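Right, one structure below, let's go through it.
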Amino acid sequence: MFTVTSKSFTNEGPLAEKYSNYGEDYNPELTWTDVPEGTKSFCIINDDPDAPCGNWVHWLVKNIPVNVTSVPENSVPGDEVVTSWGVKGYKGPRPPSGTHRYFFKIYALKCEKMKAENIDDFYKEAEENKIAVAQIFGTFTSKRKKY
């Protein structure tokens, strides 16, 4: 079964501050195993479904070569696409209130290259070309003071 794990956090556990927008904004380490047959490339979607405005996208990476099965901390394994923050690159958690979940989804794709240049096209193209998806999530709690 296609699986993703991380040395940076445990599945469903808290993300350290260095992976947040309060810290260094480092992306966590990710490793995936049991790659499905027929996979030609990978992409990464990191999003927060608990955002008050709906799904908030923190990181999009496309065109990850099939021979790459891990992402070291604070590194980029492919081509980045503009996120909900309005920039390319990883931008970590900064929830306005409460505790949010931050999903890291690795898509095994049947295409070698994705063309998407925006969030909507990225999700659509990933879904159309997926062979399998492996995911984990970490949590992060708002650091805003309550008055």
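Brief remarks follow.
- The stretch between V76 and T33 holds 13.6 nm of extra length on full extension. This uses 0.36 nm per residue minus the Cα-Cα distance.
- Measuring gaps between exposed loop sites in the chain (GluC sites (Glu not before Pro); DSSP loop; at most 14 other Cβ atoms within 10 Å), the longest gap, sites not included, is 38-111.
- Reachable lysines, given that their alpha-carbon falls under 21 Å from the alpha-carbon of K18 and they are not under 8 places away in the same chain: K7, K88, K91, K105, K143, K145
- Coupling constants for the stretch 58-69 follow from the phi torsions by the Karplus curve (6.51 cos²θ - 1.76 cosθ + 1.60, θ = phi - 60°), and in residue order they are 9, 7, 10, 10, 10, 6, 7, x, 4, 7, 9, 10 Hz; glycine and proline get x.
- Straight-line cross-link partners of K40 among the aspartates and glutamates, defined as a Cα under 13 Å from its Cα and at least 8 positions apart when in the same chain: E112.
- Inter-label distance for C53 and F103, nm, one decimal - labels placed 7 Å from Cα along Cα-to-Cβ: 2.0
- Shown for the chain is the translational diffusion coefficient from the Stokes-Einstein equation, using the Kirkwood radius over Cα pairs, a temperature of 37 °C and a viscosity of 0.692 mPa s: 215 µm²/s.
- Projecting the Cα atoms of S70, A108, G23 onto the charge dipole of the chain, computed from C-beta unit charges around the Cα centre, puts G23 farthest toward the positive end.
- With respect to the chain, whose longest principal axis is taken over its alpha-carbon atoms, helix 119-129 is tilted by about 40°.
Bear in mind that the values in this text are calculations on the coordinates, not laboratory data. As the structure is a computational prediction, the values presented were derived from the model and not from experiment. Positions of Cβ are backbone-derived with ideal geometry, glycine not excepted, and every protein chain shown enters the neighbour counts.
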